[in-house]
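Coordinate-derived values only; no laboratory data. The structure displayed is predicted, hence computed values, not measured ones. Cβ coordinates were reconstructed from backbone atoms using ideal geometry, including for glycine residues, and neighbour counts include every protein chain displayed.
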Amino acid sequence: MRLFSTYWLFFVSSLLLTLNSCTDEGPASSSAAAADTTAVLQPATAMPSALPCPVPGTEVLGSHYLSPEQGVLVMITADSSTYNERLGKSFRVLSVYEPAACELLQREVLPVDQSPDFAYTLAAINYNRQNQLLAIQGATHFFLYDLATKSLSAPISPVFPKPRPGVDAQSGHIMQLELWENCLIGYAQDCGAFAFQLEEGLRAVPINPLSDYQVPEGPHYHQAFLLHSDTGQQIIVPAYDRAGGGFSINPILPKPEPIDTSALAIAQDGRFVLLRQQTRRKRPIVVDLLRQEQASLPSDIEWKSNADILDWMKVMQ
C-alpha cells in the first residue's frame, strides 16, 4: 500500500491489536465490543485489474475485496445500466460474488455522488476481522457493507465541529478512508480529518475531536482525537500530505495508556492540547496541532499549571 511504509504498517497493526475500541469523550459516548486481539489483522486482498468473475457487459474498477471467511468477492463495477451519455462509464455498482463459482449474490446500484463520473472505490485499508465490515468510498459520502449479513448502510457523510467554507469544487471530497475494526478514520479535502465509532446495525457515530485547529496560512484544519481501549487511551492527529497524497493516523503515544481526561486543556486558538497521565504526578502530554506532533517540555515547565504550560508553548513556538 503506497500510503504506509513497512515500519508504519507494522506499528499501526501493533497499535490496533492493543486498541480494542474507540469512542469520543462525553455523554454521547458508547462502548464498542472488544476486538479479537489473538490473531494478526489482515488487510483487504488486492487483486489484478482483470475481472476475476467475468460477466458480459460489466467492467470492474481497481482493487477488489476477497473475504475467505465469508466466501465473498466484492467489486465496484460499471455496466450499461449506469452508463451516462455525456460522461461515459459510471462505476457505482456494488457487485458481490461467490468467488469459486463466480455466482452473483448481490447487486446494488449506488447513488450518483455529485457527478456520474465520480467513481466509488473500496477503502484503501480495511481491517475488519471482528465485524467483517467493508468501507466504500464516494466523493462526499461513504457506505459500510456488512460481509456477514450482506447488508448496506445508508450513505454517511463526514462530520466536522464547525462549518467548512468551500475553496473550490473539490472541497469536501474524501481523499482517504480507513476502517480499523470499530473505528473509521478519514480525510476530506480542505476540511481535515474525521472519525466515526462503528456500532451494531451499521451505525456510525461521529467522534468529536479534542480540538479543531485551523492552520493560519490556508483553509486547512488539523484535529486531535482521543481513542479509548481497555488499557487506556490513545491520542491520534491524522496527517495528510497534500502534495504527495500520503495519509497517516499518526498516534502520539507509543501505546495506549491511562489518561486523566478531566485535565484536558486547550489553548485559546486551539493549536495546543494538554492532557495528563493518570498517575500520581500526572505528567502532562502536550500536542502541537500545527506541527502535528507531541511537544517537548523542559523539566522546569512540565510540572507547572495547565495555564502556565500553554502560555509557555505559545511563546516558544
Quiz item: Once amide H atoms are placed 1.01 Å from N in the peptide plane, what residues at a sequence separation of 5 or more from LYS89, or on another chain, have their amide H within under 5 Å of its amide H?
Solution: ASN84
Quiz item: Reachable aspartates and glutamates from LYS314, Cα under 19 Å, same-chain residues fewer than 8 places away excluded?
Solution: ASP212, GLU217, ASP269, ASP288, GLU293, ASP300, GLU302
Quiz item: Quick one: if you stick a label point 7 Å off each Cα along the C-beta vector at VAL109 and THR231, how many nm between them?
Solution: 4.9
Quiz item: Hey, with R₀ at 51 Å, roughly what FRET efficiency would ALA265 and PHE118 work out to, going by the Cβ-Cβ distance, to 0.05?
Solution: 0.80
Quiz item: So how do ARG92, ARG281 line up by other beta-carbon neighbours within 10 Å, fewest first?
Solution: ARG281, ARG92
Exercise. May I ask for the net charge around VAL96, where only other residues with Cβ less than 9 Å from the Cβ of VAL96 are counted and Lys, Arg are +1 while Asp, Glu are -1?
Key: 0
Quiz item: If each residue's Cβ is checked for other Cβ atoms within 10 Å, how do ASP117, ASP212, ASP168 rank with the fewest at the top?
Solution: ASP168, ASP117, ASP212
Quiz item: Using a basic spin-label model with each label point 7 Å from the Cα along Cα→Cβ, how many nm lie between VAL315 and ALA239?
Solution: 2.8
Practice problem: About the Cα centre of the range 258-317, how large is the charge dipole given +1 on each Lys and Arg Cβ and -1 on each Asp and Glu Cβ? Please answer in debye to the nearest 20. | Solution: 220
Quiz item: If you place +1 on the Cβ of every Lys and Arg, -1 on the Cβ of every Asp and Glu, and leave all else neutral, what size is the dipole of the range 102-170 about its Cα centre, to the nearest 20 Debye?
Solution: 280
Quiz item: With Cβ to Cβ distances under 14 Å as the rule, what net charge do the other residues near THR149 carry (K, R +1; D, E -1)?
Solution: -2
Exercise. Only residues of the range 224-267 count here: report those whose backbone N is under 15 Å from the spot 7 Å along Cα→Cβ of ASN306, or say none.
Key: 259-267
Practice problem: Determine, from the Cβ-Cβ distance of ALA169 and ARG291 and an R0 of 25 Å, the FRET efficiency 1/(1 + (r/R0)^6), rounded to the nearest 0.05. | Solution: 0.25
Quiz prompt | Assigned charges on the beta-carbon of Lys, Arg, Asp, Glu; the range 59-189 dipole about Cα centre (debye) | solution = 340
Quiz item: Tally Lys and Arg at +1 and Asp and Glu at -1 over the other residues with C-beta under 13 Å from the C-beta of LYS282: what net charge comes out?
Solution: +2
